[in-house]
Amino acid sequence: MAANELPEKRKPVVMLPRALSVLALCAALFGLACSEVDRTRGRARFGDADAPFDLAARYASGRGLARDEAEAAARYLKAAEQGVGDAQLELGMRYDAGEGVAEDDAEAARWYRKAAEQGLRDARFDLALMYAEGNGVPEDDGEATKWFRRAAAHAAPGASRPD
């Protein structure tokens with residue numbers, strides 16, 4: 001190349017957007033590691049309906065967070081209100097057993113019903129038991145039978161069909 005020629009321009013190789021690169025550098029310099037719990041909390045802040053359920057499970061088990069049944073129940077409630085069926089079932093079980101919340105059979109039945117209507121087999125079975133025993137709902141053998149049958153049909157191979 002002659003002394004008066006400029007070098008050929010090269011396109012820079014960009015592995016990450018600049019903002020992410022700077023953020024990663026800052027995190028590395030200041031030891032700001034982002035744990036799974038932090039990422040889950042971030043997902044919750046941005047409206048991920050499954051994130052409160054994930055946090056609730058961590059509070060309930062003590063995995064990554066201090067075990068806290070009341071906080072677990074509060075997080076399950078948030079997820080259940082967002083329509084997460086597994087959270088509705090879990091909340092029903094918590095009201096049924098009085099774990100993290102005051103025992104309340106009517107609330108248990110309400111959450112079991114929401115989860116059962118989403119097709120969760122265990123919720124259908126638990127709701128059937130509530131009707132069979134008259135816990136939280138009026139005793140009703142017809143309703144109990146209906147929900148037992150739905151739970152059984154859900155569990156039988158090849159028997160899944162619209163309700």
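We did not get these values from a lab; they are worked out from the coordinates using the rules stated. Given the structure is predicted, the values throughout are model-derived calculations rather than measurements. Glycine gets a Cβ as well: all are built from the backbone with ideal geometry, and neighbour counts include every protein chain shown.
The table for this structure:
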| quantity | calculated |
| --- | --- |
| Under 11 Å, Cβ to Cβ, from Asp122 - net charge with Lys/Arg +1 and Asp/Glu -1 | -1 |
| Under 12 Å, Cβ to Cβ, from Ala144 - net charge with Lys/Arg +1 and Asp/Glu -1 | -2 |
